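The values are calculated or read from the model by the stated rules, or taken from the named source; none is laboratory data. The structure displayed is predicted, hence computed values, not measured ones. Positions of Cβ are backbone-derived with ideal geometry, glycine not excepted, and every protein chain shown enters the neighbour counts. Heads up: the accessible areas ignore ligands, DNA and RNA and are worked out on the full protein's heavy atoms, side chains in. Shrake-Rupley method; radii C 1.70, N 1.55, O 1.52, S 1.80 Å.
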Amino acid sequence: MFSNLKNVKNYTIGFIGLGIMGRPMALNLVKAGWHLLVFDINKDALNTLHRQGATVMNSPAELAAQCEMIISVLPDSPQVLEIAFGLNGLVHGIRPGCIFIDMSTIDVDTIIRIQEKFEKMGVDTLDAPVSGGEVGAEAGTLSVMVGGNRSAFERALPLFQVLGTKISHMGGSGSGQITKSCSQIATALTTQGVVEAFTLAKSAGVDLTKVREALLGGFAQSRALELTGAKMISRDFTPGFKLSLYSKDLRIARSAAAARKLNLPGLELVASEMGSLVRAGSGGLDFSALLQFFENNNNK
Ligand code: NAD
């Protein structure tokens, strides 16, 4: 066990998944002074981090053999399972005392499976999904929702404090992911409200920019109205947060609700709208493109 031998500031950190969220998060850790070992299947993503001083690894196994903490920010459960247990996965290099922190949004069952397997190897696992989007990742102002044992959480806290401003220990393994599902349900339904409001305003010939500004000064104020609403008005559907990933998050939330026999009709509605946009080929667009679903359905 090396965990008590060194200050966290001196740890070598592994970082896997350098996409829209992972790239700025990794850059913030580099800027804060950590030495990062990085891995991604996308060579361009690796080059960006390499130019900023990170060391590129050939596999998760090679990375794991040299790190005290490992962070992953990957699309979905299959990718996290692949880097953890696949050919050349973390399991083939990780050392007792290491902490594996998955910051992707994935199924609760998957993170618990990983936590149980790594625990047998003396490795702690934290589920630490985030909210705040690309803007929050770049600014280091994410909300980080953490599940897993408290002592591992406390050791990882200095890293979380670089990545976010609201850091919450929610409870045992999986509780971070349940909290993230709560966030996605609330955000999805708020976004649905913004889209319906804009559909009415546009149809009645009232200027959308003025509607957004007026609503931001009243009780309808929300981050969805402020940020996603601005993207809708400028019709800038470059991601941001891809519809395919939001749809995946709502699948995770639906399965968590179904496991508890809960009836959440708003969640069902938005999940079905996003699902149909993804099936129609719009999965790579930002989720603000939910607006298009209403435009198509209302012939506007
Ligand atoms: P992204 O698609 O932009 O990035 C994913 C990265 O993972 C890519 O660089 C890809 O090359 C890499 N990757 C995929 N499979 C891999 C593998 N097997 N091994 C190594 N690297 C692999 O996705 P994103 O928007 O950065 O989202 C990442 C996670 O964060 C998702 O779970 C998402 O739900 C969550 N999230 C995203 C946002 C957002 O606004 N984008 C906000 C909160 C949470």
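What the table below lists for this structure:
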{"item": "Neighbour net charge for THR209 - beta-carbon separation under 15 angstrom, K R +1, D E -1", "result": "+1"}
{"item": "Beta bridges by DSSP in the chain, antiparallel share as percent, to the nearest 5", "result": "15"}
{"item": "Computed FRET value (nearest 0.05) for ASP207 with LEU157, which takes r as the C-beta separation and R₀ as 51 Å", "result": "0.65"}
{"item": "Estimated vicinal HN-Hα couplings, Hz - segment 291-298 in sequence order (Karplus 6.51, -1.76, 1.60; Gly, Pro = x)", "result": "3, 5, 4, 6, 4, 4, 6, 10"}
{"item": "HN-Hα J in Hz across segment 98-113 - Karplus 6.51, -1.76, 1.60, θ = phi - 60°, x for Gly and Pro", "result": "6, 10, 9, 10, 8, 9, 6, 9, 9, 4, 4, 4, 5, 5, 5, 4"}
{"item": "Amide H within-cut-off set for THR12, under 5 Å, with H built and near neighbours excluded", "result": "GLU68, MET69"}
{"item": "FRET efficiency for ALA230 and GLU119, using Cβ-Cβ distance with R0 set to 35 Å, rounded to 0.05", "result": "0.20"}
{"item": "Nearest 10 degrees, 0 to 90: helix 175-203 Cα axis against the chain principal axis", "result": "20"}
{"item": "Note, ³J(HN,Hα) from phi for segment 275-284, Karplus 6.51, -1.76, 1.60, rounded to Hz, x at Gly and Pro", "result": "x, 6, 5, 5, 5, 7, x, 9, x, x"}
{"item": "Whole-percent carbon and sulfur share, accessible surface of the chain, 1.4 Å", "result": "54"}
{"item": "Mean-position separation - Cα centroids, segment 183-238 and segment 108-147, in angstrom", "result": "30"}
{"item": "For ASN88, distant residues with modelled amide H under 5 Å away", "result": "none"}
{"item": "Sites ARG251 and ASN298, calculated FRET efficiency, Cβ-Cβ separation with R0 30 Å, nearest 0.05", "result": "0.70"}
{"item": "Accessible area expressed per residue, segment 94-189, with surrounding protein chains retained (probe 1.4 Å, Å²)", "result": "37"}
{"item": "Of LYS166/LYS210; LYS166/LYS261; LYS166/LYS248; LYS43/LYS248, those spanning more than 29 Å from alpha-carbon to alpha-carbon", "result": "LYS166/LYS210; LYS166/LYS261"}
